[in-house]
Protein chains: 2
Amino acid sequence: MFELLATDTVTKARLGRLTTPHGVIDTPVFMPVGTQASVKAMDPRELLESGTQIILGNTYHLHVRPGMEIIGAAGGLHRFMNWSLPILTDSGGFQVFSLAKIRKITEHGVEFRSHLDGSPLFLGPRESMQIQKGLGSDIAMVFDECPPAGSKPKEYQAAVERTLRWARECREQPRAPGQQVFGIVQGGTHPELRERCARELVAMQFDGYAVGGVSVGEPEPEMLRAIEMSEPHLPAAQPRYAMGLGTPAQMIQLISRGIDMFDCVLPTRVARNGTAYTHKGAYNAKAGYNKADFRPIEEGCQCYCCRHFTRAYIRHLLNVDEILGLRMLSVHNTHLYLTLMAEVRQHLRQGTFGEFARDYLAHYVPTKRVLAARDAER
Amino acid sequence: MFELLATDTVTKARLGRLTTPHGVIDTPVFMPVGTQASVKAMDPRELLESGTQIILGNTYHLHVRPGMEIIGAAGGLHRFMNWSLPILTDSGGFQVFSLAKIRKITEHGVEFRSHLDGSPLFLGPRESMQIQKGLGSDIAMVFDECPPAGSKPKEYQAAVERTLRWARECREQPRAPGQQVFGIVQGGTHPELRERCARELVAMQFDGYAVGGVSVGEPEPEMLRAIEMSEPHLPAAQPRYAMGLGTPAQMIQLISRGIDMFDCVLPTRVARNGTAYTHKGAYNAKAGYNKADFRPIEEGCQCYCCRHFTRAYIRHLLNVDEILGLRMLSVHNTHLYLTLMAEVRQHLRQGTFGEFARDYLAHYVPTKRVLAARDAER
């Protein structure tokens, strides 16, 4: 189902092709996040025009609202939201451990209360896989335990054991037709835990492998180390997915480290706060200095926003709380993420990725927070 | 600039064509409202797909934010917001009298404080026309005084006198190339004031005439009477515009009374509250009874929303506060308003409008508030 088409000679970057029931995905790929059956502020046409190949849906959120009875009656998530290309669903593990009030963790899963109305719910490997079967996603994720950044070694250890036991159980559950299942490597920044988790998962023979426990509040260098500790133990013949990441520059760094798939709320989330991504870093599109700037958000960009509107207009829309402002930044940011992936694939085809990545990172100005974390490492 | 192409034999309905610098408008026409240089939640492509021929912009709001310096530097409102079809701008009179804290009304205009930051501003016939010239709208409105519903006869009288004096002054101001100017009939529900105001304005020879002082909180029967008192005194050869109106059924009633142009925030405003218009009345698209209803918002509708999504999906989006929900209802409601106008024009061409209007009104269920006001009249 996954073909490795080329590997970069300078970095670990890979060009691949992943075949799913709803279509073929060229990798490296960025997956816009449609938590509640909608990529925030965007419609399917805008997603397709941006070059979206696959989106992500959230098992936990969809289970809470609208619930599986309604999605089941609609004929699955694709039909419910009218999205005909592939969908990857996460397992709900991350949300249960980060959003919900946990009442009890047992061998079979987690008893918790809904983050909305406090109603009691239970999610474990069986339940998660059953919901993901009902959603009919092309790629399902195993139900894992993801500890927050800065947990104790003992907690990471316990999370790895539980994640492995649950992965084994997920592996055996019924699936939707053609549905692939990916394992998730946990283990924090402990090399021996990452290695053990990866090796055990690989022995279970999943269709792909994700690195989890990243993008949980840790500084960038720690995130990169977690990836570097996990990747060497994953088979070349399967796709690798870094969960919840990242900025444009981080994706380039992660592709260089052998990652094929990404998902991140950043492009649409920061858009709603008035932040525009460019290939040279992000800027505040709402700031006063844009008020009479009649250039597009990013010069040369071919997205709907940049072909039609100026910074001055977008700044005005954001300033007066017009929905079109955040809509257009969502379109621009998502387009930028997806065209970056297309550019990366082109360079991998041509054998020029190493040079491209070096150049991209040299010109990209990260946020102050990322820069501070890098400095702290030196 | 206005051609009267046909008049209905049963009602006073008219088919017309209005030529402006940015294009030809077929009447009867509905003008979506783009108060702050954006029709709320919609982009220009969605407006064009809905059949929009002309939009409205608000002088008062645009004067406050972003201000004429920026719109001037952009080359006018069309270029600032990238809208190439006609634009009608109101004069700011309505907003000054309804939104702002008035400090003093003089012969030359109104001293008031911005509704945003309390900063002192002045708007009168000269200032309003100067701003509208700078905006470069195809149709400018005179600066009028619009008293709230239920004002005293003396107040309506004074407002008519002031409106006429200001109209005369507006008439003499410089205009943008090809810009038309419409007079506004005030006078509340006093037939003699409406007649006097209309006759005096007509003597000034404007390019078109609006009925103002409607949609200011009065019950529907009173609104219809205000139109009926004004219309007979307006020349057949010019377009007539009912300001701030109305529901689909009200537009049919007003077209039957000889009105050619409408603007209203209803289709997009109620969309943001989860209300969907249909040709048989409005309903709450957010209500629980839609949760497993897999029909479109309105069966047979050809808008983007109805061609792609179900009531169950839209209800879910509204229920979980996803922007796509209110976006899609804005698209649907606006499409419904505009296709209704296209249908009306087709019936006027065919000579079947009277029958169509009777049938439409017989099947349209107005809101409880409108029905109560009708009952109170009996």
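The values are calculated or read from the model by the stated rules, or taken from the named source; none is laboratory data. It should be emphasised that the depicted structure is a prediction, and the values quoted were computed from it without experimental measurement. No Cβ is skipped: glycine too gets one built from the backbone with ideal geometry, and neighbour counts run over all protein chains shown. Only protein heavy atoms, including side chains, enter the accessible area calculation; ligands, DNA and RNA are left aside. Shrake-Rupley method; radii C 1.70, N 1.55, O 1.52, S 1.80 Å.
For the reader, a short list of remarks on this structure follows.
- Summed over the residues of segment B:243-378 and divided among them, the accessible surface reaches 40 Å² per residue at a probe radius of 1.4 Å.
- What the Cβ-Cβ distance of B:Arg199 and A:Ala292 gives, at R0 = 45 Å and to the nearest 0.05, is a FRET efficiency of 0.50.
- Percent of C-alpha pairs per 10 Å bin in the protein assembly as shown, short distances first: 3, 13, 21, 21, 16, 12, 9, 5, 1, 0.
- Our compactness index for segment A:168-274, the C-alpha radius of gyration over the empirical 2.2 N^0.38 Å, is 1.11.
- Along each principal axis, Cα extent of segment A:1-138, largest first, Å: 50, 33, 25
- Apolar share of the accessible surface for the protein assembly as shown: 50 percent from carbon plus sulfur atoms, 1.4 Å probe.
- Each of A:Ile259, A:His233, A:Leu164 was placed along the dipole of the protein assembly as shown (beta-carbon charges, centred on the mean Cα), and the one lying farthest toward the positive end is A:Leu164.
- If you run the Gaussian network model on chain B, springs between alpha carbon atoms under 10 Å, then out of B:Val142, B:Val270, B:Val344 the most flexible one is B:Val270.
- Using the Cβ-Cβ distance between B:Gln130 and A:Arg65 with R0 set to 51 Å, the FRET efficiency works out to roughly 0.50.
- The residues neighbouring A:Ala176, those whose beta-carbon lies less than 11 Å from its own, together hold a net charge of +1 under the Lys/Arg +1, Asp/Glu -1 convention.
- Spin-label model, B:Gln302 to A:Glu172: label points 7 Å out along the Cα-to-beta-carbon direction sit 5.7 nm apart.
- Calculated on alpha-carbon atoms, Rg and Dmax of segment B:129-168 in Å: 12.8, 37
- Among B:Leu324, B:Leu85, B:Leu348, residue whose mean-square fluctuation peaks in a GNM of chain B (springs only between Cα atoms under 10 Å): B:Leu324
- Dipole in debye (nearest 20) - segment B:55-147, about Cα centre, beta carbon charges: Lys, Arg +1; Asp, Glu -1: 200 debye
- The dipole here belongs to the protein assembly as shown: it is taken about the Cα centre, uses +1 on the Cβ of Lys and Arg and -1 on the Cβ of Asp and Glu, and is about 680 debye.
- Taking the helices alone, chain B has a mean residue ellipticity at 222 nm of -12500 deg cm²/dmol, built from -39,500 (n - 2.57) per DSSP H run of at least 4 residues and averaged over all its residues.
- Remark: label point of B:Gln205 defined 7 Å out from Cα along the Cα-Cβ vector; separations to the same position in other copies 9.1 nm, ascending.
- Amide proton proximity set for B:Leu245, modelled H, under 5 Å, gap of 5+: B:Asp263
- Local charge for A:Leu348 was computed over the other residues whose Cβ lies under 9 Å away, with Lys and Arg +1 and Asp and Glu -1, and equals +2.
- Reducing segment B:134-149 and segment A:58-98 to their Cα centroids gives an inter-centroid distance of 50 Å.
- Each Cα pair of chain B feeds into the Kirkwood radius, which the Stokes-Einstein equation turns, at 10 °C and 1.306 mPa s, into a diffusion coefficient of 75 µm²/s.
- Comparing A:Gln95, B:Phe80, A:Leu135 along the charge dipole axis of the protein assembly as shown, the residue lying farthest to the positive side is A:Gln95, per the Cβ-charge model.
- Peptide A:60-66 has a mean shielding of 2, counted as Cβ atoms of other protein chains within 10 Å of each residue's Cβ.
- Shape of segment A:296-378, Cα gyration tensor, a/c cut at 1.5: oblate
- A:Thr19 versus A:Ala158: modelled label distance in nm, points set 7 Å from Cα along the beta carbon direction: 4.5 nm
- Separation between Cα centres of segment A:173-190 and segment B:203-245, rounded to whole Å: 66 Å
- Per-copy distances of the B:Leu371 label point, shortest first, in nm (7 angstrom along Cα→Cβ): 6.4
- For segment B:278-317, heavy-atom accessible area (probe 1.4 Å) falls by no less than 20 Å² from the chain alone to the full protein assembly at B:Lys291, B:Phe294, B:Tyr304, B:His308, B:Phe309, B:Tyr313, B:His316.
- The distance separating the Cα centre of segment A:329-378 from that of segment A:111-125 comes to 38 Å.
- Loop sites in segment B:162-216: GluC sites (Glu not before Pro), DSSP, at most 12 other Cβ within 10 Å: B:Glu172
- Diffusion coefficient of segment A:129-205 by Stokes-Einstein, Kirkwood radius over Cα pairs, 37 °C, 0.692 mPa s: 254 µm²/s.
- Here the protein assembly as shown carries DSSP beta bridges of which approximately 50% are antiparallel, counting only pairs with both residues inside.
- Label positions at B:Arg349 and B:Val265, each projected 7 Å from the Cα along the C-beta direction, are separated by 3.5 nm.
- Of B:Pro221, A:Ala312, A:Ile297, farthest towards positive along the dipole that unit charges on Lys, Arg, Asp, Glu beta carbons give the protein assembly as shown: B:Pro221
- A versus B: buried accessible surface, summed, Å² (probe 1.4 Å, to nearest 100): 3400 Å²
- ³J(HN,Hα) computed for each position of segment B:297-305 - Karplus, 6.51 cos²θ - 1.76 cosθ + 1.60, integer Hz, glycine/proline x: 3, 9, 5, x, 6, 9, 6, 4, 4
- Point-charge dipole on Cβ atoms (K/R +1, D/E -1) for chain A, about Cα centre, debye to 20: 540 debye
- Scanning residues 5 or more positions from A:Gly16 or on other chains, those with amide H under 5 Å from its amide H are A:Leu5, A:Thr27, with H placed 1.01 Å from N in the peptide plane.
- Gyration tensor (alpha-carbon) shape descriptor, segment A:268-333, a/c threshold 1.5: rounded
- HN-Hα J in Hz across segment A:206-212 - Karplus 6.51, -1.76, 1.60, θ = phi - 60°, x for Gly and Pro: 7, 7, x, 9, 10, 9, x
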